[in-house]
Amino acid sequence: MNEPQKTLGIIHAVNLTIRAMQPFIEKYVPHVEVMHLCDDTIQRDNIRAGVGVIPKNNYFKFAQYAHNLQEAGADMILLACSTFNYSAELARPMIDIPIMQIDRPMMEEAVQQGPRVGLLATLATTVPSSERLLRIVAAEQSKPIEITTVLRAEAFQAIQKGDVETHNRMLLEEIDKLSGKVDSIVMAQLSMSALAPLLGHTRVPVYNSGTTGFRRIRQMLALEPAGVA
């Protein structure tokens, strides 16, 4: 008898991430039923609140949406937004299925490469939450960490307009500069995973949340044994 189809519920704070993750869904979990739940007001209100401030209502929204997806039959929930990844931690006690932050797997891999981690971001509001999660992951692994953060806001503006070429060029320039200073680089937002096909020959490992995140999802949904790339 065939195993029942697995269902992944994904919570998005902006429509852009739905498009950004589609290639990874098709590559890593093509036979999984995916339910997207997107609320563009979350990203809007995160940005309006300013760097380092998340409106309380957005934490409530995430918990409510996670509950809705659980009720709809999801086997696990993915948070696609890095800016308020703390909401996953707050919601876990209320939800009976696994909740994963899209960027946690890449951070877990990065801290194993050495203490100097480069954080490359294109959205200022993402920086505090990404730095926080990196430090949490390092502490869990009892690893020292030194974070070098680079923000290229112009790249996010470019990809919002559909100019992927400019977005990628800007980020490749920063990766080249950072590579001489760090042991690994993590790209803070899922939208930056558009760069994935161009990262085959970097001087240090460069992690994107699309690849590492969906590899982990494939394992968590028991579609393959752990450790298979």
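The values are calculated or read from the model by the stated rules, or taken from the named source; none is laboratory data. Please read these numbers as outputs of a predicted model, since none were measured by experiment. Every residue, glycine as well, gets a Cβ built from its backbone with ideal geometry; the counts of neighbours run over all protein chains shown. Only protein heavy atoms, including side chains, enter the accessible area calculation; ligands, DNA and RNA are left aside. Shrake-Rupley method; radii C 1.70, N 1.55, O 1.52, S 1.80 Å.
Worth pointing out:
- Check on M192, aliphatic (A, V, I, L, M) and out of contact with any helix residue (DSSP H, G or I) (no Cβ under 6 Å at 6 or more places or on another chain): yes
- Of the strands (runs of 3 or more DSSP E) contained entirely in the range 93-211, those carrying at least 1 residues that are farther than 17 Å from M21 by Cβ and either of a type in the set (S, T, N, Q) or open to solvent by less than 10 Å² (accessible area, probe 1.4 Å) (or both) fall at 116-121, 146-151, 184-187.
- Matching helices (runs of 4 or more DSSP H) fully within the range 25-91 where at least 2 residues are under 20 Å from R216 (Cα atoms) and either among the aliphatic types (A, V, I, L, M) or open to solvent by 10 Å² or more (accessible area, probe 1.4 Å) (or both): 56-71, 86-91
- Test: residue in the range 106-117 that is free of Cβ contacts under 8 Å to residues at least 60 places away in the same chain and under 17 Å from L37 (Cβ atoms): no
- Residues that are within 27 Å of R44 (Cβ to Cβ) and over 13 Å from the mean Cα position of the chain (by Cα) within the range 78-118 comprise S87, E89, L90, A91, R92, M94, I95, listed in sequence order.
- If the condition is being over 21 Å from F84 (Cβ atoms), free of Cβ contacts under 8 Å to residues at least 60 places away in the same chain and open to solvent by less than 80 Å² (accessible area, probe 1.4 Å), then the range 1-24 contributes only Q22.
- Count of residues meeting criterion [modelled with pLDDT of 90 or more and outside any helix (DSSP H, G or I)] in the range 212-229: 1
- Within the range 173-198, being out of contact with any Ser or Thr (no Cβ under 9 Å at 6 or more places or on another chain) and either without any contact (Cβ under 8 Å) to a residue 60 or more places away in the chain or of a type in the set (V, I, T) (or both) holds for E173, E174, K177, G180, L195, P197, L198.
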